Amino acid sequence: MFNYIVIGSGFAGSVIAERIANVLNEKVLIIEKRNHVGGNCYDYKNKDGIIIHKYGPHLFHTNYKDVFDYLSNFTDWHIYHHRVLAFIDGKKVPIPFNLNSLYLTFPESFAKRIEEKLLKKYPYNSKVPILDLKKENDEDLKFLADYIYQKVFLNYTVKQWGLKPEDIDPEVTARVPVFIGKDDRYFNDKYQAIPTEGYTKIFERMLNHPNIKLMLNTDFKEVISIDFENKKIYFFGQEFKGKLIFTGMIDELFNFKYGYLPYRSLDLRFETIEKEWFQEVATVNYPNDYDFTRITEFKHIHPVSTEKTTILKEYPKQYIPNKDIPYYPVFTKENQELYNRYKEEAEKFENIILVGRLAEYRYYDMDDVIKRALEVFEERVRW
């Protein structure tokens, strides 16, 4: 009945399913464990009319015109430039740490001296990874690097990842730059916007096609079994010879035979407050204070006129298999080697295609995973 089965209805799975339905004009089945589509991008309106991101804030930004154009088939946008402040030594300063942060943090004469040295060393509007700046020999720059490292990066990273910064893959640490400029926006991408009606509506429109069948509240293991020895896949007991696009946890696909891949999870605590606004911007980070990493106020992201506001505090935690939601792969050499063992298992099956953060065990921003899904469709699904 189906030549294509997709496990998971986040962006990775939904984009590929939409392409199969519209481009190939083939029937495709999506199997989704949750009671809704959209993966961790799922959002909804609460009783006060505020759009809430159930699994934490999602901010769309990209330099890929093709990705922005593709999503624009399913949504209108409102322009939104994300800004983040960090609570440091009793002050809120812009993050990534930039020249404005410099003057808000230090006496003007000292800030001016450091600014001149930074501009001699690095191009204006450039981004310098925090661990690179830390290696500088100049005393002032070394002081600045140590200050930012200790006050902005170190404790936040320890809270977020449960590891010391030097033990984390450079791909992660490079995401925390020092910005040699005065642009306070958190992202610098060409396209920055929020879907007018939220993310869930994108998925509903994307999957609203007669060729797409959706099974919610269904663990894939209930309907799919795998013969590892003979490299065969069975769907409701019948051999499935079509393509299986898998976007879930790769270790779960192979029954954790080599052990569990580590993740970080989050304890998300929402609060509705009887005041119009709680904070100055959508997100305020707390690197050194409290047990949560940041507070997000959703009305900044999805503007609405209401006398109440809803905030979210994020408490990072160790991922416990079969209990917590796996949010972030933990990038270490050992974990990558474990993933590679599972990947080699998947490659023994001609009809298993892995795509997405969990299946590929890597960090994807939303635009990256959409780009990846479009590429996988063209390279491995379409032909």
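The values are calculated or read from the model by the stated rules, or taken from the named source; none is laboratory data. The shown structure was predicted, so the numbers you read here are calculated from the model rather than taken from an experiment. Note that each Cβ is placed from the backbone with ideal geometry, even for glycine, and that neighbours are counted across all protein chains shown.
Taken across segment 335-348, residues that are in contact with a Lys or Arg (Cβ under 8 Å, 6 or more places away or on another chain) and farther than 16 Å from Thr247 by Cα do occur, with at least one present. Consider segment 251-290 and keep the residues that are within 17 Å of Pro321 (Cα to Cα) and charged (D, E, K, R). The one that is nearest to the chain's Cα centre (by Cα) is Arg264.
Within segment 358-369, the only residue that satisfies the criterion of being farther than 20 Å from Glu337 by Cβ, in contact with a strand residue (DSSP E or B) (Cβ under 8 Å, 6 or more places away or on another chain) and not charged (D, E, K, R) is Met366.
One line per residue, one yes/no per condition, for (1) in contact with a Ser or Thr (Cβ under 6 Å, 6 or more places away or on another chain); (2) modelled with pLDDT under 95; (3) not charged (D, E, K, R):
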| position | (1), (2), (3) |
| --- | --- |
| Thr332 | no, yes, yes |
| Tyr339 | no, no, yes |
| Glu344 | no, no, no |
| Lys348 | no, no, no |
| Leu354 | no, no, yes |
| Leu358 | no, no, yes |
| Asp368 | no, no, no |
| Leu374 | no, no, yes |
| Phe377 | no, no, yes |
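Counting only helices (runs of 4 or more DSSP H) wholly contained in segment 124-169, the ones carrying 2 or more residues that are outside the structural domain of Glu314 (by TED's automatic domain parsing) and closer than 22 Å to Gly90 by Cβ occupy 139-148, 155-161. Criterion applied to Ala86, Ala12 was being surrounded by 21 or more Cβ atoms within 10 Å (Cβ to Cβ), within 26 Å of the chain's Cα centre (by Cα) and in a helix (DSSP H, G or I), and the one residue passing it is Ala12. Residues that are surrounded by 14 or more Cβ atoms within 10 Å (Cβ to Cβ) and either over 21 Å from Lys164 (Cα atoms) or touching a helix residue (DSSP H, G or I) at 6+ places or on another chain (Cβ under 9 Å) (or both) within segment 326-340 comprise Pro326, Tyr327, Tyr328, Pro329, Val330, Phe331, Thr332, Leu338, Tyr339, listed in sequence order.
Checking Ile30, Ile16, Ile79 one by one, the residue that is of a type in the set (Val, Ile, Thr) and either outside the structural domain of Leu358 (by TED's automatic domain parsing) or more than 17 Å from Pro210 (Cα to Cα) (or both) is Ile79 and no other. Taking the conditions exactly as written (under 25 Å from Asp365 (Cβ atoms), modelled with pLDDT of 95 or more and not in a helix (DSSP H, G or I)), does Val67 satisfy them or not? Judged against the criteria, Val67 is not a match.
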